[in-house]
Amino acid sequence: MSASPFEGVLSLLIRQRGVQGCLVVGEADGIVVDSNVQVGIQSNVVAALAAALYRKARLCSAAAGLSTVGFLQLEAERGHICAIGRDGLVLVTLAEPRAHIGRIRGAMIESLSVLA
Amino acid sequence: MRTHVAEPWIEAPLQAFVDDASALFALLLHPNGQVMGQFGFTRAVDVMAACALAAAIHASAGELGRELDGKPFREMYHAGRDRQIFIGDVPTTHHRFVFLTVFDAESSLGLVRIYFEELCALLENAQPPLLVEAPISAASLEHDLNRNLAILFGRAPRGADGGESSISLA
């Protein structure tokens, strides 16, 4: 059985400080394509909701004439959800409040080519 | 637009699903084709047809699953060009239902599956104790099918307590 093409990207992201999980999700269906998450995280639920959020943000951005969504960050009381997408796939990262979002953002943008 | 149900305890879980999943249509039925609740349909004949088809698909898929996998397929999904359909088995302690929903690009399969799991849990918690256990005859089946359709489309009153149990399990 061959390794997933996203394995490298996910293992790179999960090693970042404060990252609790990262997932590659189908934007249209919200189904997990591949993931690397800590125990206790409901990856299916996060994937479906994050994909829906990203899709709405993309549509909103297009409607406002802002073109494509570069990087989406949701800041919550107990952490962050970051998402970046390309060609119908969304890369989602869950991070603790202490995580260095700049580094995660850089790693996610670098990983974008893998989603193509 | 509100859901219409044959029994009051079904309304809140079904309405929650429709609101959360942004479904276009939702149908909860007994595996024999008897409608228990619906959202989005405007004609009784459409509900009747959808129930009959969903019950048949559910039964066929169950047997196919047993043949192929040793257990019935629990969920089915089909993506059309604009709309998608999801059919799932809703097992509760006292009853067994089939759930059908139609959604478009406003929702997604992932969201529908999440809220379907929630629907199952809400129905499990909301279900009343099993009171009636009557054998199904051809006459009682047709009576129940027509009774629930009539309640859903406002042609028949519910029981004095807001809804008598019409579920008869063999």
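Since every read-out is calculated from the coordinates, none of them should be taken as a lab result. Computed from a predicted structure; not experimentally measured. For neighbour counting, all protein chains shown are included, and Cβ atoms are generated from backbone atoms with ideal geometry for every residue, glycine included.
Computed from phi, the 3J(HN,Hα) profile of the range A:27-38 under the Karplus parametrisation 6.51, -1.76, 1.60 (θ = phi - 60°) reads 5, 6, 9, x, 9, 5, 8, 7, 7, 9, 10, 5 Hz, with x in place of Gly and Pro.
Look at the stretch A:55-61: the mean tally of other chain Cβ atoms within 10 Å of its residues' Cβ atoms is 1. Using the Cβ-Cβ distance between residue A:109 and residue A:15 with R0 set to 25 Å, the FRET efficiency works out to roughly 0.90. Annotation note: trypsin sites (Lys or Arg not before Pro) in the range B:46-107 located in DSSP loop regions with a Cβ neighbour count of at most 11 within 10 Å are B:81. The H on the amide N of residue B:37, modeled in the peptide plane, is under 5 Å from the matching H of B:6, B:28, each at least 5 residues off or on a different chain. Taking label points 7 Å from Cα along the Cα-to-Cβ direction, residue A:56 and residue B:142 give a separation of 4.8 nm.
Calculated [222 nm] ellipticity per residue, helices only, for chain B: -14500 deg cm²/dmol; basis is -39500 (n - 2.57) per DSSP H run with n ≥ 4, divided by all residues, nearest 500. Counting Cβ atoms of other protein chains within 10 Å of each residue's Cβ and taking the mean over peptide A:27-37 gives 3.
Label-to-label distance for residue A:42 and residue B:150 is 4.1 nm, based on points extended 7 Å past Cα in the beta-carbon direction. Just going by the charge dipole of the protein assembly as shown, with Lys and Arg at +1 and Asp and Glu at -1 on Cβ, which of B:152, A:59, B:72 is farthest out on the positive end? Value: A:59. Residues B:114, A:41 in ascending order of nearby Cβ atoms (within 10 Å, fewest first): A:41, B:114. Taking the Cα centre of the range A:7-115 as origin and assigning +1 to Lys and Arg Cβ atoms and -1 to Asp and Glu Cβ atoms, the resulting dipole is close to 280 debye.
Annotation for residue B:57 and residue B:44: the two label points, set 7 Å from Cα along the Cα-Cβ direction, are 2.4 nm apart.
Stokes-Einstein, applied to the Kirkwood radius of chain A over Cα pairs at a viscosity of 0.692 mPa s and 37 °C, places its translational diffusion at 234 µm² s⁻¹.
Can you pull the percent of Cα pairs in the protein assembly as shown with separation above 24 Å? It works out to 57 percent of all Cα pairs. The order of B:36, B:76, going from fewest to most other C-beta atoms within 10 Å of their C-beta, is B:76, B:36. Here the Karplus relation 6.51 cos²θ - 1.76 cosθ + 1.60, evaluated at θ = phi - 60°, turns the backbone of the range B:86-97 into coupling constants of 10, 10, x, 8, 10, x, 10, 4, 9, 10, 9, 10 Hz, with x for every Gly and Pro. For GluC sites (Glu not before Pro), the sites in the range A:1-81 that DSSP calls loop and that have at most 11 other Cβ atoms within 10 Å are A:77.
Report the Cα centroid-to-centroid distance between the range B:49-81 and the range A:1-61 in angstrom, as an integer. Using only Cα atoms to place each centre, the spacing works out to 30 Å.
Taking a ≥ b ≥ c as the square roots of the eigenvalues of the Cα gyration tensor, the range B:1-142 is rounded, since a/c falls below 1.5. Taking θ as phi - 60° and the Karplus parameters 6.51, -1.76 and 1.60, the scalar couplings of the range A:63-73 work out to 5, 7, x, 9, 6, 6, 7, x, 8, 10, 10 Hz in sequence order, x denoting glycine and proline.
Placing unit charges on the Cβ atoms only, positive for Lys and Arg and negative for Asp and Glu, gives the protein assembly as shown a dipole magnitude near 760 debye about its Cα centre.
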